[in-house]
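Chemist: Take a look at the following structure, please.
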Amino acid sequence: MADKLDGCAESKLRHYANLRSLDNPIFYITKLHISRALSFMSKRILSVSYDPSLLATRGMLLEQRGYKVTSALGFTQAIAHCNTPDFDLFILGHSLPVSDKLELIKTFRRNCPAPILSLERHGEAKIQCDFHASPDEPEEFLKTVERILNLATPA
């Protein structure tokens, strides 16, 4: 139920947290309570890349938008995380070879129904997965992630 809070509910939670009045204990909510409530609303993303700086930058961009990001540096780390069905989106970076992407997609599909976004530079061959995007424009990338996650969220 907590993960179905809309923007209005989130706004109210933040407002009540700012009240912090001991005179009115009904509205006294600590920052810990707020962060716990909002964490249920965060979408979980597994981001995979062979380039540590790109992985860190992508993680930072996504976390600034409120997503919970697990970063996997390379195929081996990604496989270690693929057995978790808790992700809402998988992002495969353009630095991954096509063979690794295909193997990861197979493994993800066996364990989790989350959509898969493959990042490819202009002119690179597109692999068969749910979504494709260019990593070259951060704002476009973030809009694509938001659209995907909005599609995956039940009304």
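The values are calculated or read from the model by the stated rules, or taken from the named source; none is laboratory data. All figures in this text were calculated on a predicted structure; none of them were measured in a lab. Don't worry about glycine lacking a Cβ; one is built from the backbone with ideal geometry, like all the others, and counts go over all protein chains shown.
Chemist: For region 114-155: of the residues being part of a loop (DSSP other than H, G, I, E, B) and within 14 Å of the chain's Cα centre (by Cα), which is surrounded by the most Cβ atoms within 10 Å (Cβ to Cβ)?
Modeler: A114
Chemist: Please verify whether region 64-78 includes one or more residues that are in the same structural domain as S49 (by TED's automatic domain parsing), in contact with a Gly (Cβ under 8 Å, 6 or more places away or on another chain) and not in a helix (DSSP H, G or I).
Modeler: yes
Chemist: Okay, moving on. Of the residues E146, E103, E137, which is out of contact with any Ser or Thr (no Cβ under 7 Å at 6 or more places or on another chain) and modelled with pLDDT under 90?
Modeler: E137
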